[in-house]
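**Student:** Before I ask anything, here is the structure I am working with.
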Amino acid sequence: MAQNTTPVRSFHGILPPFMLQTLAATTNDPRWFQTLAQTQSLFANSPVRLNPVNRFVGATGPLARLETYDAKGRQTHPGDRARFDGDAPTGDKEVDDAYEFTRAVRDFYVEVHGRNGIDANGMKFVSTVNYGQNYENAFWNGTQMTYGRPGANSPFATFVLLDVCGHEVTHGVTEFVGDIEYYGQPGALNEHLSDVFGELIEQKMKGISVANADWIIGNGIWKPNVRGVGLRHMLHPGTAYNDPSVGNDPQPDHMDRYVDTWSDNGGVHYNSGIPNRAFALFAIEMGGYAWEKAGKIWYAARATAGRKPSFAQFAYHTIEAAKTIGFAADVPTLTKCWAAVGISPSATAVDTRTPPFPGGPFDPRRRNSIVWG
Ligand SMILES: [Zn+2]
């Protein structure tokens, strides 16, 4: 596959922009405006680099190292050394959780996919907890994970969660595997892949089979007074939360309810619900552990799907991947699960649903707001 030499600025936060905007509008609490403003600035200052190579496999060399830091409320990276590879637990829950979850992410990619590190070349896993004051988000900035700390009046309990860590680090992995564009259907697939692997990493660390999986991203993120089970529901998109302070989960579960928008980078956090449900349906049909078959098919499909796959094209690549890696007998079931969300696999059908950015003074790209979420 061709080497991509496009300059990349990478910034992904677990809370989508529309959720922060709803919180700002409904609570009038300055922390949400501060979080939005800081996110714009963090995006603008995130590292710009040439996306290196299409690295897909590689588990040679020493195991990727883990480095966990504590910013202690300062707006700084990486912060004070807190827990590195082999260190004993510190007794600080956020530090120890960030360390253990990153270790689970590292071990998942090595054990299941033979991938040592985000770049498949031993790149270390760096995490910072307790970032800033009033910074309500967790993000991947192209080089490391960072977790803010929810305030007393925040609806969020914590951002240091296993599937949140898996979701964000997987954005990093995606950048090194063909770097799927972050707009429209390719962007929704980028989000989808982060949800898939975030969920699979959690299922594997906890030894959960598909029969017992909850398919929820961000389980445990809400305080008990918020009506919600998480940020997204992969099996039943649109049912993760419904609360006056944060609004109603807007995810569609079928192409009939596809959200045509250029906001949220062309609806990346909305329409990811559609492939999420196809994946969950297929994994449940296969039974057993989702990372052993469905996850391997999706990982292989990602490597061949290129930079700008539509939903139909990505579905086609999952079917080709299933044939290539020894699961040809499951192709009829896979096709059925894509059909259940209204997607017909096609090698050539491009995304015709997502409207282009509007251009002019209101084009969000002018405000540096592209590529976060
Ligand atoms: Zn994301």
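**Student:** How many residues does the range 182-216 contain that are outside any helix (DSSP H, G or I) and within 16 Å of the ligand (Cβ to nearest atom)? Can you show your working first?
**Tutor:** Of all residues in the range 182-216, those outside any helix (DSSP H, G or I) come to 182-183, 207-209, 213-216.
In the following step, the residues that additionally are within 16 Å of the ligand (Cβ to nearest atom) were identified as 182-183, 216.
Qualifying residue count for the region: 3.
**Student:** What is the residue count in the range 166-181 for residues that are assigned to a loop (DSSP other than H, G, I, E, B) and within 9 Å of the ligand (Cβ to nearest atom)?
**Tutor:** 0
**Student:** Next up: Among the residues of the range 100-140, how many are closer than 18 Å to Ala71 by Cα and assigned to a strand (DSSP E or B)?
**Tutor:** Of the residues in that region, 8 qualify.
**Student:** Can you tell me how many residues in the range 244-263 are modelled with pLDDT under 95, open to solvent by less than 50 Å² (accessible area, probe 1.4 Å) and more than 17 Å from Pro355 (Cβ to Cβ)?
**Tutor:** Total satisfying the criteria: 3.
**Student:** Tell me, which residue of the range 1-37 that is modelled with pLDDT under 85 and crowded, with 22+ Cβ neighbours inside 10 Å is nearest to the ligand (Cβ to nearest atom)?
**Tutor:** Only one residue fits best here, namely His12.
**Student:** Still on this structure, I have one more. For Asn271, state whether it is open to solvent by less than 30 Å² (accessible area, probe 1.4 Å), of a type in the set (S, T, N, Q) and within 13 Å of Phe197 (Cα to Cα).
**Tutor:** On the way: open to solvent by less than 30 Å² (accessible area, probe 1.4 Å): yes; of a type in the set (S, T, N, Q): yes; within 13 Å of Phe197 (Cα to Cα): no.
Criteria not met by Asn271.
**Student:** List the residue pairs whose Cβ atoms are under 7 Å apart, where the first residue sits in the range 324-351 and is of a type in the set (D, E, K, R), the second is assigned to a loop (DSSP other than H, G, I, E, B), and the two are 6 or more positions apart or on different chains.
**Tutor:** Close Cβ pairs satisfying both conditions: Asp351/Ser310.
**Student:** I'd like the full set of residues that are away from the ligand (no atom under 12 Å from the Cβ), of a type in the set (Gly, Ala, Ser) and surrounded by 24 or more Cβ atoms within 10 Å (Cβ to Cβ), limited to the range 137-165.
**Tutor:** Passing the criteria: only Gly148.
**Student:** Which condition from (1) open to solvent by 20 Å² or more (accessible area, probe 1.4 Å); (2) outside any helix (DSSP H, G or I); (3) farther than 20 Å from Thr158 by Cβ is the one that Asn219 breaks?
**Tutor:** Only one criterion in (1) open to solvent by 20 Å² or more (accessible area, probe 1.4 Å); (2) outside any helix (DSSP H, G or I); (3) farther than 20 Å from Thr158 by Cβ is unmet by Asn219, namely (3).
**Student:** Also: Report yes if Thr90 is of a type in the set (Ser, Thr, Tyr), part of a loop (DSSP other than H, G, I, E, B) and open to solvent by 30 Å² or more (accessible area, probe 1.4 Å), otherwise no. Give the derivation first.
**Tutor:** Values: of a type in the set (Ser, Thr, Tyr): yes; part of a loop (DSSP other than H, G, I, E, B): yes; open to solvent by 30 Å² or more (accessible area, probe 1.4 Å): yes.
So Thr90 fits the description; yes.
**Student:** Could you list, in sequence order, all residues of the range 247-280 that are within 15 Å of the ligand (Cβ to nearest atom) and touching a residue at least 40 places away in the same chain (Cβ under 8 Å)?
**Tutor:** Applying the first criterion (within 15 Å of the ligand (Cβ to nearest atom)) to the range 247-280 yields 251, 264-273, 275-276.
If the condition is that a residue be within 15 Å of the ligand (Cβ to nearest atom) and touching a residue at least 40 places away in the same chain (Cβ under 8 Å), then Asp264, Asn265, Gly266, Gly267, Val268, His269, Tyr270, Asn271, Ser272, Gly273, Pro275, Asn276 are the ones that fit.
The values are calculated or read from the model by the stated rules, or taken from the named source; none is laboratory data. Fair warning: this is a prediction, and the values are worked out from it, not measured in the lab. Here the Cβ is made from the backbone with ideal geometry for all residues, glycine too, and neighbour counts use every protein chain on show. Heavy atoms of the whole protein, side chains included, go into the accessibility calculation; ligands, DNA and RNA do not. Shrake-Rupley method; radii C 1.70, N 1.55, O 1.52, S 1.80 Å.
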